[in-house]
Amino acid sequence: MAGSVNAISFFAVGTHTSHMTGNLANVGEYLATGRWSTAIGAGQLVLAFLLGAMSATVLIDLARHRRRGRHATALLVEALTLASVGFWSSRHPDSREPTVFWGMAYAMGLQNALVTRVSGAVVRTTHMTGVITDIGIQLVKMMTWVRDGARGHGLGGLVWMLRRLPTAEQFARTRLHLGLATAFLFGCTAGPLLFFRFGPAAMAVPCGVLALLVVLDVSPAGEFVPMTPGA
């Protein structure tokens, strides 16, 4: 979802709305070159993202005593925000209304805070810098784990360790982060393809995914046990 929305926002309005590192850097760069109005525009994206993160936190805290559906309200707010952006943009396809930028950034702030809370600060999904870093760290840990376990046992020990690897913690965390990066890349590819074909109506796809997550969250299977850093 984040990859899709981020890529659609780039082709629709010319800016990424989930990468706050770049947007905050833009504020500084525009200020340094005296482009005050542009700096304010980039700063508004950062502020919208921040407000989204705050909104998700408040909504989750208000629902913390529920057994199920603790995240449904935040998911619905995100879905309604993206649906509103898509609907308005489809009615005004040539407009560069700043509210559209703000809405997308707000939705990404919501999502990032929501996933951060759900995962116990293990996972963030609107930017991949940390995820790619973690993949690099975990790949080295995996190789070290295999090397140490196979030391002194020859080729047979190496094969035995490799066969154990799928059940090792190092592999589980690597698989998680590889899955996140792959999903983000898939969204970045599918989002623009849908946008080129259907225009702003492509926003219906991430909204549909959010609706499915709401159903999962309120179902008996959605009773949530927070992740721990070692999970």
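Does the stretch 204-222 include one or more residues that are at pLDDT below 80, loosely packed, with under 13 Cβ neighbours inside 10 Å and either outside any helix (DSSP H, G or I) or of a type in the set (A, V, I, L, M, F, W, C) (or both)? The answer is yes; a qualifying residue exists. Within the stretch 15-45, can you find the residues that are closer than 20 Å to A2 by Cα and surrounded by 18 or more Cβ atoms within 10 Å (Cβ to Cβ)? Within the stretch 15-45, T15, H16, T17, S18, H19, M20, N23, A42, L45 qualify.
Just one of the listed residues (A2, A72, A32, A56) is aliphatic (A, V, I, L, M) and without any contact (Cβ under 8 Å) to a residue 24 or more places away in the chain, and it is A32. When each of T129, T133 is tested for being farther than 25 Å from V13 by Cβ and loosely packed, with under 12 Cβ neighbours inside 10 Å, the lone residue that passes is T133.
When you check Q111 against the structure, is it modelled with pLDDT of 85 or more, buried (at least 17 other Cβ atoms within 10 Å of the Cβ) and more than 21 Å from N6 (Cβ to Cβ), yes or no? Outline the logic, then answer.
Values: modelled with pLDDT of 85 or more: yes; buried (at least 17 other Cβ atoms within 10 Å of the Cβ): yes; more than 21 Å from N6 (Cβ to Cβ): no.
No.
Take the conditions assigned to a helix (DSSP H, G or I), at pLDDT 80 or above and crowded, with 17+ Cβ neighbours inside 10 Å and apply them to Q170. Does it pass? When the stated conditions are applied, Q170 does not pass them.
Of all the residues that make up the stretch 59-86, how many are closer than 27 Å to V205 by Cβ and either aliphatic (A, V, I, L, M) or not in a loop (DSSP other than H, G, I, E, B) (or both)? Steps first, answer last, please.
The initial filter retains those residues of the stretch 59-86 that are closer than 27 Å to V205 by Cβ, namely 59-60, 63, 68-86.
Now drop any that are not either aliphatic (A, V, I, L, M) or not in a loop (DSSP other than H, G, I, E, B) (or both), which leaves 59-60, 63, 72-86.
Of the residues in the stretch 59-86, 18 are closer than 27 Å to V205 by Cβ and either aliphatic (A, V, I, L, M) or not in a loop (DSSP other than H, G, I, E, B) (or both).
Taking (1) closer than 27 Å to D61 by Cβ; (2) out of contact with any Pro (no Cβ under 8 Å at 6 or more places or on another chain); (3) among the hydroxyl-bearing types (S, T, Y); (4) surrounded by fewer than 18 Cβ atoms within 10 Å (Cβ to Cβ) in turn, T116 satisfies each apart from (4).
The values are calculated or read from the model by the stated rules, or taken from the named source; none is laboratory data. Predicted model only: the values in this text are computed from it and were never measured. Quick reminder, even Gly has a Cβ in these numbers, built from the backbone with ideal geometry, and neighbours come from all protein chains shown.
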